[in-house]
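Written below as structure tokens is the structure these notes are about.
The values are calculated or read from the model by the stated rules, or taken from the named source; none is laboratory data. This is a predicted model, so every value here is computed, not measured. For neighbour counting, all protein chains shown are included, and Cβ atoms are generated from backbone atoms with ideal geometry for every residue, glycine included. For accessibility, only protein heavy atoms count, side chains too; no ligands or nucleic acids. Shrake-Rupley method; radii C 1.70, N 1.55, O 1.52, S 1.80 Å.
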Amino acid sequence: MAITTENTNDEKKSLSFVEQLVEEDLAAGKNGGRIQTRFPPEPNGYLHIGHAKAICMDFGVAEKYHGVCNLRFDDTNPSKENNEYVENILNDIQWLGFHWGNIYYASDYFQKLWDFAVWMIKKGLAYVDEQSSEEIKAQKGTPTTPGTESPFRNRPIEENLALFTQMNTPEAVEGSMVLRAKLDMANANMHFRDPIIYRIIHTPHHRTGTTWNCYPMYDFAHGQSDYFEGVTHSICTLEFVPHRPLYDKFVDFLKEMDGSDDNMLDNRPRQIEFNRLNLTYTVMSKRKLHTLVDEHLVNGWDDPRMPTLCGMRRRGYSPESIRNFIDSIGYTKFDALNDMALLEAAVRDDLNKKACRVSAVLDPVKLVITNYPEGQEEEMVAINNPENEADGTHTITFTRNLWIEREDFMEEAPKKFFRMTPGKEVRLKNAYIVKCTGCTKDADGRIVEIQAEYDPESRSGMAGANRKVKGTLHWVSADHCRQIEVREYDRLFYVEDTSADERDFHELLNPNSLKVHTNCYIEEYGADKKAGEYLQFQRIGYFMADLDSTSQHPVFNKTVGLKDAWAKQNKQ
């Protein structure tokens, strides 16, 4: 039975163009009303946020229209693929909140694809070419001039079959032969000019070992795998638009081989293309990401500066924030460069709802409450998350000796400086109102201690303690805190559009993309938080414990500031 959906005009307007096409197919009863998509990553690297856009579309369409999305690894190039990448792809998809129907591999179909290639040879639709890659490339022609036929294009079928069999032996020399589809060397679409469909590779495959020495090309394996699996909608990015006619052509050949006599426009995968996700101040090229990792320009694939999903997870991004960002930018037929600030805004919006508030001081200076009794301690109530009452409260210990942020004090302050300065009052959050009485400096004139007096009647929550002061500062007790390391991240590249810059991308790296602060303090409640627990360091930003963090040496990554400091900084 066909799946039907009813939408008002307003709801239809809110649908992406991909969803509109899917609904048209459902309304027409195509594929028996069945929806099946797939996400087909190549296991040759870690997933990045660009892949997340495809994941959200592939899985999202299947989920919305009660279909299924399968995961298929495009493992047709063993020289670049391994199980490490497979495992991390599985983890990243699950972290984003999606679930696949089945797991497939292109390598599951190696025998079927081989048999299909043999059928094409026997039909006179493929031939073995012994030219070099440079010769083949030169004969392809240009978009405005036709290609030149290979001298091997019309070799006998039996000879092609024998050579193709030879290509799959350990003795075959890589690059000595390729199998090409025999299509149209004058076609305006360059992809039709006798594309290479098989090549020799002797690297052992991560699943099939040394069984195969000859592997299918992506264009030959991709559409056929979709067809074998019963995919109804093959959703991919815009660079595959010119590949679509070839995709359909190979499916036509498969149907002919199968003897299928159904409607050629029905019961076949429909390829739909959408725009890629590109972000400012970063790169999405797997080749460049590999270079960053291999040359130790970053600390691995999960470096929090990387656009990889594992890097963003380690930095403290939530899966919901990434999905919300992707939903906000939408899907179109036009490539665009998305501002990193939009992603960070989505992260802030989501973490504001779920992050536990704690106090931490990153650039500490001692504050002594001179009239507070020596040895006295009080437990102050701190709200875990004002956005969610159910998150409850915790206590923070108040004592005579505190740490505050150095930038929160100014000895000679301008009129609109509402933080700590001699002679003026401020409130210490969740505690008392204090008045600064002076400061102590070292021999170099650097402030090493600030003195203040507290008002015992001004404790937060006390009757009559609502006396208004213009500034509120966070603090931690010098006697009840833990020293921590804080890693603060900036843009990995200092150029907004890296793809448009013709310089070597090494020259575009931001040398100040990581700053490590080792003399920081956090209240005891926050010190032992683990990776995966979202935190807000009050008045500073959102943070998460790093994977390197231990009880003896807590380490926190700055996820994002409370405000877009980058935009403000670059306007100055």
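A few remarks follow.
- Residue match in the stretch 316-323 (condition: farther than 27 Å from Phe240 by Cα, charged (D, E, K, R), open to solvent by 50 Å² or more (accessible area, probe 1.4 Å) and modelled with pLDDT of 95 or more): yes
- Summed over the stretch 426-483, the residues that are within 46 Å of the chain's Cα centre (by Cα) and assigned to a strand (DSSP E or B) give a count of 16.
- Test set (1) crowded, with 22+ Cβ neighbours inside 10 Å; (2) aliphatic (A, V, I, L, M); (3) under 26 Å from Ser79 (Cα atoms) - Met217 fails condition number: (1)
- Of the strands (runs of 3 or more DSSP E) contained entirely in the stretch 340-384, those carrying at least 1 residues that are open to solvent by 20 Å² or more (accessible area, probe 1.4 Å) and without any contact (Cβ under 8 Å) to a residue 60 or more places away in the chain fall at 378-383.
- Meets criteria (part of a strand (DSSP E or B) and of a type outside the set (Val, Ile, Thr)) for Asn512: no
- Scanning the stretch 28-41 for residues that are touching a residue at least 60 places away in the same chain (Cβ under 8 Å) and closer than 30 Å to Asp302 by Cβ yields a count of 4.
- Checklist (1) among the basic types (Lys, Arg); (2) farther than 30 Å from Leu351 by Cα; (3) under 17 Å from the mean Cα position of the chain (by Cα) applied to Lys249, failing item: (3)
- Identity of the residue in the stretch 502-513, open to solvent by less than 60 Å² (accessible area, probe 1.4 Å) and not polar (S, T, N, Q), that ends up nearest to Asp303 (Cα to Cα): Leu509
- Residue match in the stretch 172-187 (condition: at pLDDT 95 or above, more than 27 Å from His205 (Cβ to Cβ) and over 40 Å from the mean Cα position of the chain (by Cα)): yes
- The residue of the stretch 179-205 that is farthest from Gln131 (Cα to Cα), among those that are among the β-branched types (Val, Ile, Thr) and open to solvent by 20 Å² or more (accessible area, probe 1.4 Å), is Thr203.
- Counted residues, the stretch 441-474 - those being polar (S, T, N, Q), over 18 Å from Glu407 (Cβ atoms) and open to solvent by 40 Å² or more (accessible area, probe 1.4 Å): 2
- Residue pairs whose Cβ atoms lie under 6 Å apart, sitting 6 or more positions apart in sequence or on different chains, and linking a residue in the stretch 485-505 that is within 19 Å of Ala360 (Cβ to Cβ) and in contact (Cβ under 8 Å) with a residue 12 or more places away in the chain to a partner that is among the β-branched types (Val, Ile, Thr) and open to solvent by less than 80 Å² (accessible area, probe 1.4 Å), are Glu485/Val555; Arg487/Val516.
- Picking from residues in the stretch 136-157 that are part of a helix (DSSP H, G or I) and over 30 Å from Gly209 (Cβ atoms), the one that is least open to solvent (accessible area, probe 1.4 Å) is Gln139.
- Test result for Phe116, open to solvent by less than 10 Å² (accessible area, probe 1.4 Å), in contact with a helix residue (DSSP H, G or I) (Cβ under 6 Å, 6 or more places away or on another chain) and of a type in the set (Phe, Trp, Tyr): no
- Some residue of the stretch 504-515 being closer than 20 Å to Lys353 by Cβ and in contact with a Ser or Thr (Cβ under 6 Å, 6 or more places away or on another chain): no
- Considering residues of the stretch 119-135 that are in a strand (DSSP E or B) and of a type in the set (A, V, I, L, M) only, the residue farthest from Phe164 (Cα to Cα): Ala126
- Within the stretch 58-95, the set of residues being within 19 Å of Gly33 (Cβ to Cβ), in a loop (DSSP other than H, G, I, E, B) and open to solvent by less than 20 Å² (accessible area, probe 1.4 Å) comprises just one member, Tyr65.
- Members of the stretch 385-414 that are acidic (Asp, Glu) and open to solvent by less than 50 Å² (accessible area, probe 1.4 Å): Glu405, Asp408
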